[in-house]
Amino acid sequence: MNIRRAGAQRPGVVTWVPRTAVALIALQLLVRAVLAFHGYFYWDDLILTGRAGTQGLLSASYLFDDHDGHVMPAAFLIAGGITRLAPLDWIGPAISLVVLQLVASLALLRALYVILGWRPVLLLPLTFALFTPLGLPAFSWWAAALNALPMIAAMAWVCADAILLVRTGNQRYAVTGVIAFLVGLQFFEKAAVIPFVAFAVVALLAHVAGDGAACKTVWRSGIRLWAACLAVLIAWIGVYLLVVDQQRWSFDLGMTSDLLLRSVTHGIVPGLVGGPWDWQRWAPASPWATPPLTVMALGWAALAAVFVVSLVRKQRIGWVWLAAIGYAVACQIPIYLMRSSQFTALELAQTLRYLPDLVVVLALLAAVGLCAPNRETSRWLDSSRARTAVVAVGTALFVASSLYSTATFNTIWQDNPTRSYLQNGRASLAQAAAASDAPMLDQEVDPLILQRIQWPENLLSHVFALIRDRPEFAAATTDLRMLDMSGRLLGAKVTWVRSMQLGPLPSCGYLVQPDAPARIPLDGPLLPSEWTAELNYLANSDGSITVSLSEGTQVKVPVRPGLNRVFVRLPGAGDAIDVQANTSALSVCVASGPVGYLAPTE
């Protein structure tokens, strides 16, 4: 089958349309660069950097980690490489965001050119895709961008290759299409939709061109691409099921439908006219769109106008609209089934970070729709100064609206406590290393930076793993220090959540020897957590002891001769502390002390 580009191209158009397209991409990159360099590490970004600092970059455990339901080895590899080159330096991630956006934008331009050629109408879907705020959240958050941007680049590339394969019969497009699909899967499992999107785009292009059996024709003409992609997909599904814990799936259909409706009313529809204009944020959550009624009404009006005009102007356009609506629903339902429950806030649907692929699909489907033949009764919509003026003004207003939404997003995205915490933390750790040779007790970062559910990536030893000018992190220390909620170094003490009961031996407490371990009862039980114990002891020589809660992990603690004190981090639960001497001839007397959390002494 031969799917030809629709529309003849005047010689002059071939000159200014590509130049304008390149200028639009350059403007988008300038805007996105400002957003990228004004951003900073946020939440999952620190999980990526922490794992890069504590695991081998080429190890299977690192590359094929279940990252909150994602399988993304290539994203891990890029994040790890950038992190190793410049730990906790935002310049590297910011540059990578701009580069990935350039690749995605150029891939989309190629796909639009393959569909439309250098017709002026190419600039309409391109402008929408480049500037709509629907793609902002997934771009600005580094961890999300490492998923989304390579995926949409692969999507646009495979769609273009599929069209060229069916159009020319050149089998090299089947090879490059499969490679692009495989690359996309390495960044984001959602790339599994790419072959289906590509098939739909090519089939719809054949349909609007007048092929009555478009699906059958496209399947036969591109069988090598479709078969190879399906084989790759089946293999990748096997890998995904081996890596990912499927217990996180929810089947709360009511909440899923509510989230889907909210994403349409507060996300997609306002985004069609450059909304939402306004964003809100409660740290540590990511920003969510809060469009005023004005932009929501404008979005619905614009959608209705485009729908009516397209039906009046174009033939065989119905299936294109159904595909757009279907993908808008299908691209979100699996995510909401994984992320939602009866306790999920509807603002999740307003974060918009699940919509960048929808932007590309809408742009490609718009290009396909523009290839449909005009109706004889719509000659009044033919090219004229009035039509040109209306399109130019509408496009300019859309870009202006989008840039305003981008500016408001940029402002609220910078409200991020991570920057000051990491900068203060680096300076504090350098100060701690200069002031004492003692290791620093490993501890959790402030919950606004990473919460306990991200353990162990929320520990200082992971967040600051690759920083050179710092003390060693350990499970025990003789010099108790902590970082406060802003990352400043403070002297610390252990709170008296529980206390060790007095021992039975006068002037000793509990005697611990290699052949005589001791169990020190607490004055009450401890729930599972990361506890810190203050051990006051008297030892007869250098050596080590093993300490643990009665239901917890064992920690090896060095001891010195004489009367000393050591602070030990004890993960677990229970109502007693078990102490075992490891060194031959070592005798240790352990007195009473507190077990609790760290608190500043100041």
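The values are calculated or read from the model by the stated rules, or taken from the named source; none is laboratory data. Note that this is a predicted model, so its numbers are computed, not measured. As a convention, Cβ positions derive from the backbone with ideal geometry for all residues, glycine included, and neighbour counts pool all protein chains shown.
Just one residue in the set Leu422, Leu397, Leu403 is buried (at least 17 other Cβ atoms within 10 Å of the Cβ) and either in a helix (DSSP H, G or I) or at pLDDT 95 or above (or both); that residue is Leu422.
Quick check on this structure: which one of Gly274, Gly238 is on the phi > 0 side of the Ramachandran plot and under 27 Å from the mean Cα position of the chain (by Cα)? Walk me through it before giving the result.
Numbers: Gly238 fails: on the phi > 0 side of the Ramachandran plot.
Checking each option against the conditions leaves just Gly274.
Pairs are defined by a Cβ separation below 6 Å, a sequence spacing of at least 6 or placement on different chains, a first member in the stretch 382-399 that is closer than 14 Å to Pro125 by Cα, and a second member that is hydroxyl-bearing (Ser, Thr, Tyr) and surrounded by 11 or more Cβ atoms within 10 Å (Cβ to Cβ); the pairs so defined are Thr395/Thr127. Kindly provide the set of residues from the stretch 143-201 that are under 23 Å from the mean Cα position of the chain (by Cα) and either among the acidic types (Asp, Glu) or not assigned by TED's automatic domain parsing to the domain that holds Gly222 (or both), ordered by number. The answer is Glu189, and nothing else. Evaluated against (1) buried (at least 18 other Cβ atoms within 10 Å of the Cβ); (2) at pLDDT below 95; (3) not hydroxyl-bearing (Ser, Thr, Tyr), Val14 falls short on exactly one condition, (1). Restricting the search to helices (runs of 4 or more DSSP H) fully inside the stretch 57-136 and requiring at least 3 residues that are modelled with pLDDT of 95 or more gives 73-85, 91-116, 123-131.
Within the stretch 567-597, how many residues turn out to be within 22 Å of Leu459 (Cβ to Cβ) and either among the charged types (D, E, K, R) or in a strand (DSSP E or B) (or both)? Talk me through it step by step, then tell me what you get.
First pass over the stretch 567-597, keeping only residues within 22 Å of Leu459 (Cβ to Cβ): 567-574, 577, 594-597.
Add one more test, that the residue is either among the charged types (D, E, K, R) or in a strand (DSSP E or B) (or both), and what stays is 567-574, 577, 594-596.
Looking only at that region, the number is 12.
Selection of the stretch 440-465 for residues being surrounded by fewer than 18 Cβ atoms within 10 Å (Cβ to Cβ) and either among the hydroxyl-bearing types (Ser, Thr, Tyr) or in a loop (DSSP other than H, G, I, E, B) (or both) yields Pro447, Leu448, Gln451, Trp455, Pro456.
Taking the stretch 278-323 as the search range and keeping residues that are among the hydroxyl-bearing types (Ser, Thr, Tyr) and either in contact with a strand residue (DSSP E or B) (Cβ under 8 Å, 6 or more places away or on another chain) or assigned to a loop (DSSP other than H, G, I, E, B) (or both), which one is surrounded by the most Cβ atoms within 10 Å (Cβ to Cβ)? Checking each candidate, the answer is Ser286. Just one of the listed residues (Gly487, Gly552, Gly491) is under 26 Å from Leu450 (Cα atoms), touching a Leu at 6+ places or on another chain (Cβ under 8 Å) and loosely packed, with under 14 Cβ neighbours inside 10 Å, and it is Gly491.
Residues Gly275, Gly267: which one is modelled with pLDDT of 90 or more, surrounded by 20 or more Cβ atoms within 10 Å (Cβ to Cβ) and not in a helix (DSSP H, G or I)?
Numbers: Gly267 fails: not in a helix (DSSP H, G or I).
Among Gly275, Gly267, only Gly275 is modelled with pLDDT of 90 or more, surrounded by 20 or more Cβ atoms within 10 Å (Cβ to Cβ) and not in a helix (DSSP H, G or I).
Taking the criterion of being closer than 24 Å to Val306 by Cα, aromatic (Phe, Trp, Tyr), assigned by TED's automatic domain parsing to the domain that holds Val360 and buried (at least 21 other Cβ atoms within 10 Å of the Cβ), would at least one residue in the stretch 108-116 satisfy it? No, the stretch 108-116 has no match at all. When the stretch 369-393 is filtered for residues that are farther than 27 Å from Leu204 by Cα and either modelled with pLDDT of 90 or more or of a type in the set (Gly, Ala, Ser) (or both), the ones remaining, listed by number, are Ser384, Ala386, Ala389, Val390, Ala392, Val393. Do we find that Gly369 is in contact with a helix residue (DSSP H, G or I) (Cβ under 6 Å, 6 or more places away or on another chain), more than 24 Å from His67 (Cα to Cα) and assigned to a loop (DSSP other than H, G, I, E, B) in this structure? Spelling it out, it is not the case that Gly369 is in contact with a helix residue (DSSP H, G or I) (Cβ under 6 Å, 6 or more places away or on another chain), more than 24 Å from His67 (Cα to Cα) and assigned to a loop (DSSP other than H, G, I, E, B).
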